[in-house]
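The values are calculated or read from the model by the stated rules, or taken from the named source; none is laboratory data. Here the structure is a predicted model, which means the values were calculated and not measured. When we count neighbours, we look across all protein chains shown, and the Cβ atoms used for this are built from the backbone with ideal geometry, even at glycine. Just so you know, the surface numbers come from the protein's heavy atoms only, side chains and all, with ligands and any DNA or RNA stripped out. Shrake-Rupley method; radii C 1.70, N 1.55, O 1.52, S 1.80 Å.
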Amino acid sequence: MKAIILAGGRGKRLKPITDYVPKPLVPINNIPIIEWQIKYLKKFDVKEVIICTGYKADMIESYLNMKELGIKIKFSIEKSPLGTGGAIKKAGKMINEKSFFVINGDTITNIDLHKLASKTNTIAAIELRTKYGILETESEKIVNFKEKKEITDTWMNAGIYHLQKEILKKLPVKGDIEKTVFPDYAKKGLLNTIKFKNVEWFSVDSFKDMEECSTRVEKIIK
């Protein structure tokens, strides 16, 4: 299997760090996000990674070319932002296999890719997370406080996909897969999901996310 990592964004929410380094090179426990991701993909038998880059692409390439991570790495460089759909379409030209994985470039998780690969055109789903404490109430009385972040039976896109190569023909040259092909496939009954409960999952999009992820990442990706 091959995997595409969508790593072309500017990471504006992590400024000023991302004024100097691209988001994929932002360190979590002194190891860049993208290196953690490659270790994760390798764990699930991914043999080749195609990294979609744009902002400060040369820094990402230089860093990974210096590392020996035991996996083949290629780059799909965007001269201007293509959106997730355009990025996958461009990188997909390097894929000959019938299917492949896609992962957002800021996602740290232990979701089982072998399970995800059991269905075609599949989105990994996790229970919705909230960053806020939850109040349990009866009438006008508070009866309990809950800090648990998962909201039961309400599912969100985990930013990890298993896609068939045929989908590349449908993708826009520029635009997001989540706003174009996915809604169309969903209406036609062509889009599947696998729901993952009680998994580790971080979208590193803020300094708080970095802090929380740093306490767990070495257990998530061993």
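May I ask you to verify whether K23 is buried (at least 20 other Cβ atoms within 10 Å of the Cβ) and at pLDDT below 95? Steps first, please.
On the way: buried (at least 20 other Cβ atoms within 10 Å of the Cβ): yes; at pLDDT below 95: yes.
Answer is yes for this residue.
Residue check: is G175 at pLDDT below 95 and within 19 Å of G86 (Cα to Cα)?
Details: at pLDDT below 95: yes; within 19 Å of G86 (Cα to Cα): yes.
Yes, satisfied.
Hey, could you check the range 17-61 for residues that are part of a strand (DSSP E or B) and either in contact with a Pro (Cβ under 7 Å, 6 or more places away or on another chain) or among the hydroxyl-bearing types (S, T, Y) (or both) and say which is nearest to K89 (Cα to Cα)? Outline the logic, then answer.
In the first step, residues of the range 17-61 are kept if they are part of a strand (DSSP E or B); the result is 27-28, 31-32, 48-53.
If we keep only those that are either in contact with a Pro (Cβ under 7 Å, 6 or more places away or on another chain) or among the hydroxyl-bearing types (S, T, Y) (or both) too, we end up with 32, 53.
On the way: P32: 26, T53: 13 Å.
Only one residue fits best here, namely T53.
How many residues are farther than 19 Å from S118 by Cα and modelled with pLDDT of 90 or more if we restrict to the range 181-202? Full working, then the answer.
Kept after step one, since they are farther than 19 Å from S118 by Cα, are these residues of the range 181-202: 181, 183-184, 187-188, 198, 200-202.
Still in the list and also modelled with pLDDT of 90 or more: 181, 183-184, 187-188, 200-202.
The number of residues fulfilling the criteria is 8.
Could you say whether any residue in the range 5-12 is over 30 Å from K169 (Cα atoms) and either in a strand (DSSP E or B) or open to solvent by 60 Å² or more (accessible area, probe 1.4 Å) (or both)? Step through it out loud before you land on a result.
Applying the first criterion (over 30 Å from K169 (Cα atoms)) to the range 5-12 yields 12.
Filter once more, keeping what is either in a strand (DSSP E or B) or open to solvent by 60 Å² or more (accessible area, probe 1.4 Å) (or both): 12.
Yes.
Just one of F75, F100 is closer than 20 Å to T120 by Cα and within 18 Å of the chain's Cα centre (by Cα); which is it?
Result of the check over F75, F100: F100.
Check K47, K79, K42 and return the single one that is free of Cβ contacts under 8 Å to residues at least 40 places away in the same chain and either surrounded by fewer than 16 Cβ atoms within 10 Å (Cβ to Cβ) or acidic (D, E) (or both).
On the way: K47 fails: free of Cβ contacts under 8 Å to residues at least 40 places away in the same chain; K42 fails: either surrounded by fewer than 16 Cβ atoms within 10 Å (Cβ to Cβ) or acidic (D, E) (or both).
Answer to the selection: K79.
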